[in-house]
Amino acid sequence: MAEPNIFTQYMQKRNTVVRNKKILQSSYIPEKLPHRMDKINEVVEIIAPALNKDKPSNILIIGKTGTGKTAVMNFVGKELRKADPNQTNCAYIYVNCEVVDTSYGILYNISNQIITDPAKKIPFTGWSIDKVFAELAEYIDKEEKVFIIVLDEIDRSFQKNGADIFYYLTSINEILQISKVSVIGITNNAKFTEFLSPRIRSRLGEEKIIFPPYNVEQLQDILYERAKFAFDDGILDDDVIPYCAALSAQEMGDARRALDLLRMSADIAERNGDSRITSAHVRSAKNKIELDAVSEVVKTLTIQSKTVLLSVILNKDEDINPMTTGDVFTKYKFICEVIGQSALSQRRVAGLISELDMLGIVHARVKSFGRAGRTREIELSTPKEIVNMIKSDDAFKDYWMYKPPKQKTFF
Ligand SMILES: Nc1ncnc2c1ncn2[C@@H]1O[C@H](COP(=O)(O)OP(=O)(O)OP(=O)(O)O)[C@@H](O)[C@H]1O
Ligand SMILES: [Mg+2]
């Protein structure tokens, strides 16, 4: 037993509600994937010939985020390894193009999953892509086998590196003598394929499989299946899973989001020292996720947009209601002057207000004021954490130090 320490009270408070934390993590591969057996079977039907050394068609898997694309392919990969444990007929290679972000990196990663001899491994940098490719092709052709290469998040790779890698991998069969390669591309943005040359596009998408978003009942089933293994009986209130599922179905039918909500609700309950998870914990988790998302956006705003946002905040603090674009502009000009920043025109500031409105950070409603023409009423729609974040932004240090010059008073 460790001697008592500052962590003891936390450790005693924690670990009361979740039996197995790993199960709620997004990297966990569950034994069962409810509502994806149809997609699993579609993939299996296409790639099964690989077990007899016949080349399957290339596949393009398309679906929004959190629809189970990666989970399905991980599942299929595991099953394929069970079917051919020594990879005598068929090898399954998975690369996430988001993590490996250059064409060289992708080929390097594929090659080194195939090349087992440490002396023959491809160096991390230094070779030309053509040389890596030639070496890879030579290795692939050493003994007759089908290589199934899964490229996850291919749109990311395309954004960064263009179509080279797809060209290499979809034309490799032309130079192979005995082995064959099938490519399975996964994307949550199918639009990028419009930029591929017709030849690469049709090769990559010989077969297309679409993953639809999950509906609320499907998300519930997915969560119940995980909860069975993650929690002991009686820990979850009955409305917790339906609530997590409903919130995520409203958004995008995203299973990752639903699992995140459940995991964070459990975390919050543990941190509070509560012994059950309730819908109140889910509500806090939802607020935290939303707050994190907004603060990410606010962090990346330009200094001009932040100044406009600070102007809205300060007007609100002064109870200026209704607040017009003119009110925001006046405050904005003043802040710019104090912090020594050049001021944009009222029109540009109005444009920045519209951008903040689109991001959901302020509300700008058009109001007609008769002869004064059309104007907008602006309201702040950010939680206090975001207000504090903007107020304490380094860019406005001088503003808070500023003391207005004393006015002369006449008697
Ligand atoms: N049918 C399902 N059953 C159980 N868990 C699932 C199911 N579908 C998705 N999940 C889980 O939801 C999370 C997100 O799924 P996954 O990573 O497969 O999404 P994705 O479609 O690859 O999303 P992205 O496009 O963002 O990469 C993972 O933790 C995964 O295990
Ligand atoms: Mg994925």
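What follows is calculated from the coordinates using simple rules that are stated; it is not laboratory data. On a predicted model such as this, the values are computed, not experimentally measured, just so you know. Positions of Cβ are generated from backbone atoms using ideal geometry, with glycine treated the same way; all protein chains shown enter the neighbour counts.
Summary table below
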{"quantity": "Of the DSSP H helices in the chain, those whose Cα atoms cover at least 20 Å axially and whose Kyte score averages 0.0 or more", "calculated": "303-317, 325-339"}
{"quantity": "Restricting the range 123-213 to GluC sites (Glu not before Pro) in coil, as DSSP defines it, with at most 11 other Cβ within 10 Å", "calculated": "GLU143"}
{"quantity": "Helix-derived mean residue ellipticity, 222 nm - over the chain, DSSP H n ≥ 4, -39500 (n - 2.57), to 500", "calculated": "-15000 deg cm²/dmol"}
{"quantity": "Simple spin-label estimate for GLU296 and ALA246 in nanometres, 7 Å along Cα-Cβ", "calculated": "2.6 nm"}
{"quantity": "Most fluctuating residue given options VAL308, VAL181, VAL18, as computed from a GNM of the chain linking Cα atoms under 10 Å", "calculated": "VAL308"}
{"quantity": "Gain on full stretching of the segment that runs from ASN86 to TRP400 - 0.36 nm per residue minus C-alpha separation", "calculated": "106.3 nm"}
{"quantity": "Relative contact order of the range 20-141, defined on C-alpha pairs under 8 angstrom at six or more residues apart (%)", "calculated": "17 percent"}
{"quantity": "Simple label model, 7 Å out from Cα along Cβ direction - THR116 to GLU379, nm", "calculated": "6.7 nm"}
{"quantity": "For the chain, built as a Gaussian network whose Cα springs stay under 10 Å, the top-fluctuating residue of ALA249, ALA350, ALA266", "calculated": "ALA350"}
{"quantity": "Global form of the range 215-298, assessed from the alpha-carbon gyration tensor, a/c cut-off 1.5", "calculated": "oblate"}
{"quantity": "Relative contact order (percent, whole number), the range 37-211, Cα cutoff 8 Å, 6+ residue spacing", "calculated": "35 percent"}
{"quantity": "Estimated FRET transfer efficiency (SER197, GLN346; beta-carbon r; R0 35 Å; 0.05)", "calculated": "0.15"}
{"quantity": "For PHE147, distant residues with modelled amide H under 5 Å away", "calculated": "ALA91, LYS180, VAL181, SER182"}
{"quantity": "Burial ordering of ARG276, ARG203, fewest other beta-carbon atoms within 10 Å first", "calculated": "ARG276, ARG203"}
{"quantity": "The range 208-293: chymotrypsin sites (Phe, Trp or Tyr not before Pro) falling in loop per DSSP and having at most 11 other Cβ within 10 Å", "calculated": "none"}
{"quantity": "Gained length - GLU174 relative to ASP274, 0.36 nm times residue gap less alpha-carbon distance", "calculated": "29.8 nm"}
{"quantity": "Neighbour net charge for CYS90 - beta-carbon separation under 14 angstrom, K R +1, D E -1", "calculated": "+2"}
{"quantity": "FRET efficiency estimate (nearest 0.05) - Cβ-Cβ, THR330 to ARG283, R0 45 angstrom", "calculated": "0.70"}
{"quantity": "Length released on extending from ILE303 to TYR224, taking residue separation times 0.36 nm less the Cα-Cα span", "calculated": "23.9 nm"}
{"quantity": "Global geometry of the chain, whether rounded, prolate or oblate, following the gyration tensor of its Cα atoms and the 1.5 cut on a/c", "calculated": "prolate"}
{"quantity": "The chain: relative contact order in percent, alpha carbon pairs under 8 Å with at least 6 residues between", "calculated": "17 percent"}
{"quantity": "Charge dipole magnitude, Cβ of K and R +1, D and E -1 - the range 259-390, Cα centre, debye nearest 20", "calculated": "440 debye"}
{"quantity": "Nitroxide proxy distance, nm - points 7 Å out along Cα→Cβ at ARG256 and LYS391", "calculated": "3.5 nm"}
